[in-house]
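Asks: What follows is a single structure, and I will ask about it in a moment.
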């Protein structure tokens, strides 16, 4: 009989070995250093596993995050490190974990859960749907030379003070759905992870940009990626407080054209890379549907989501096969006094499965856009003008990788 539970400290080595197998890594576990626990690793009680006779067959991390959502900060469970031993696959072990994890997450106040999938279809079985698209861009660095910025670039090294980075990051995510707080974890752990790479051994560099008045407005982290013999400046994170900060920090690229062939960035979709150059023919971009999200607490999400300025109401019926407490009809009333969400008795204006609802609530897609979806997870019965004003697109950027 399989046992599904949170991991204890002594179980973590088994999960690490599963990750070695699943992600084609190479680790010599006979060496003492491979047995040591990194203080910056996720704690054991963030991990779930399926055990048979004390052997871990499958596991995953449920990472504790605080996420921005329509001007609020809400609890989010980030799913990562999902893996099953080859000999145990096909046994439904990951499904068993989600069957326990998701209802418990709702009980402890989690509103959303997000992940980066190996397969979108696989995670749709658990209520997750695409909620974030990135533009993977490549621009010859020489074509960015017209972006010139005054001010100062400061090289940030491991163990340097990160308070200015934190200020910029907090301002950047303030109005972006799926932005993750880095001050949520204790002991500055998130920033220690972010700045831990030594640039001289890893080729990863982090620069803070201050404007001509000495105000910190943006930062950029990039690494040297070699492709077909070319050195490319690959941005892993770029954060800014405003337009001046964005173009100020981009000014670093012009001086690096002799060092890097191309500027590359998996960038958020609310910025247009055609603005970066005078002649946009050199801009290459590919759309990458990267992130998936599901609503864990429907009532809380409907209460907090952005609402129209005028008064109004609608009834939505939700179907959630994984969290039965979410299923039902909700009357949403909004106006100058705020929002009230209660159980509804009348017929719904809109019927949604949890997948489509997760896209609509987070602002990944509008109602008009969802109507044209090939999938049959939504049906509109009436009150369409109100629904159009409620379910609108908003800027998205899941700012962590996990």
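The values are calculated or read from the model by the stated rules, or taken from the named source; none is laboratory data. Here the structure is a predicted model, which is why all the values come from computation and not from measurement. Cβ placement follows ideal geometry from the backbone for every residue including glycine, while neighbour counts extend to all protein chains displayed.
Asks: Taking helices (runs of 4 or more DSSP H) that fall entirely within the stretch 106-201, which contain at least 2 residues that are closer than 26 Å to residue 70 by Cα and either touching a residue at least 60 places away in the same chain (Cβ under 8 Å) or within 14 Å of the chain's Cα centre (by Cα) (or both)?
Replies: The helices (runs of 4 or more DSSP H) meeting that bar are 120-124, 163-173.
Asks: Here's another thing I want to ask about it. Inspect the stretch 26-36 for any residue being within 26 Å of the chain's Cα centre (by Cα) and surrounded by 10 or more Cβ atoms within 10 Å (Cβ to Cβ) and give the result as yes or no. Talk me through it step by step, then tell me what you get.
Replies: At the first step, the residues of the stretch 26-36 found to be within 26 Å of the chain's Cα centre (by Cα) are none.
No.
Asks: What do you reckon, is residue 91 within 16 Å of the chain's Cα centre (by Cα) and either at pLDDT 95 or above or not assigned by TED's automatic domain parsing to the domain that holds residue 319 (or both)? Lay out the reasoning, then the answer.
Replies: Values: within 16 Å of the chain's Cα centre (by Cα): no; either at pLDDT 95 or above or not assigned by TED's automatic domain parsing to the domain that holds residue 319 (or both): yes.
It is false that residue 91 is within 16 Å of the chain's Cα centre (by Cα) and either at pLDDT 95 or above or not assigned by TED's automatic domain parsing to the domain that holds residue 319 (or both).
Asks: I need a count of the residues in the stretch 261-279 that are crowded, with 20+ Cβ neighbours inside 10 Å and more than 22 Å from residue 194 (Cβ to Cβ).
Replies: Residues flagged as crowded, with 20+ Cβ neighbours inside 10 Å and more than 22 Å from residue 194 (Cβ to Cβ) within the stretch 261-279 amount to 2.
Asks: Hand me the list of strands (runs of 3 or more DSSP E) wholly inside the stretch 314-402 holding 3 or more residues that are within 24 Å of residue 130 (Cβ to Cβ). First the steps, then the outcome.
Replies: Working: elements: 328-335, 338-343, 350-353, 378-380.
Because the criterion is at least 3 residues that are within 24 Å of residue 130 (Cβ to Cβ), the strands (runs of 3 or more DSSP E) in the stretch 314-402 that meet it are 350-353, 378-380.
Asks: Working only within the stretch 202-253, note down all residues that are surrounded by 15 or more Cβ atoms within 10 Å (Cβ to Cβ), in a loop (DSSP other than H, G, I, E, B) and in contact (Cβ under 8 Å) with a residue 60 or more places away in the chain.
Replies: Once the filter is applied, which keeps residues that are surrounded by 15 or more Cβ atoms within 10 Å (Cβ to Cβ), in a loop (DSSP other than H, G, I, E, B) and in contact (Cβ under 8 Å) with a residue 60 or more places away in the chain, the stretch 202-253 yields 211, 241, 251, 252, 253.
Asks: Now for a separate question. Could you grab me the full set of residues in the stretch 231-244 that are out of contact with any helix residue (DSSP H, G or I) (no Cβ under 7 Å at 6 or more places or on another chain) and at pLDDT 95 or above?
Replies: Just the residues of the stretch 231-244 that are out of contact with any helix residue (DSSP H, G or I) (no Cβ under 7 Å at 6 or more places or on another chain), to begin with: 231-232, 234-237, 242-244.
If the condition is that a residue be out of contact with any helix residue (DSSP H, G or I) (no Cβ under 7 Å at 6 or more places or on another chain) and at pLDDT 95 or above, then 232, 234, 235, 236, 237, 242, 243, 244 are the ones that fit.
Asks: Does residue 59 satisfy being outside any loop (DSSP other than H, G, I, E, B), buried (at least 16 other Cβ atoms within 10 Å of the Cβ), touching a helix residue (DSSP H, G or I) at 6+ places or on another chain (Cβ under 6 Å) and at pLDDT 90 or above? Write out each step before concluding.
Replies: Details: outside any loop (DSSP other than H, G, I, E, B): yes; buried (at least 16 other Cβ atoms within 10 Å of the Cβ): yes; touching a helix residue (DSSP H, G or I) at 6+ places or on another chain (Cβ under 6 Å): yes; at pLDDT 90 or above: yes.
When the stated conditions are applied, residue 59 passes them.
Asks: Against the definition (at pLDDT 95 or above, more than 17 Å from residue 400 (Cα to Cα) and crowded, with 20+ Cβ neighbours inside 10 Å), how does residue 182 come out, yes or no?
Replies: Details: at pLDDT 95 or above: yes; more than 17 Å from residue 400 (Cα to Cα): no; crowded, with 20+ Cβ neighbours inside 10 Å: yes.
No.
Asks: Here is a follow-up. Go through (1) within 25 Å of residue 277 (Cα to Cα); (2) touching a helix residue (DSSP H, G or I) at 6+ places or on another chain (Cβ under 9 Å); (3) surrounded by fewer than 17 Cβ atoms within 10 Å (Cβ to Cβ) for residue 155 and report which single condition fails.
Replies: Checking residue 155 against (1) within 25 Å of residue 277 (Cα to Cα); (2) touching a helix residue (DSSP H, G or I) at 6+ places or on another chain (Cβ under 9 Å); (3) surrounded by fewer than 17 Cβ atoms within 10 Å (Cβ to Cβ), the one that fails is (1).
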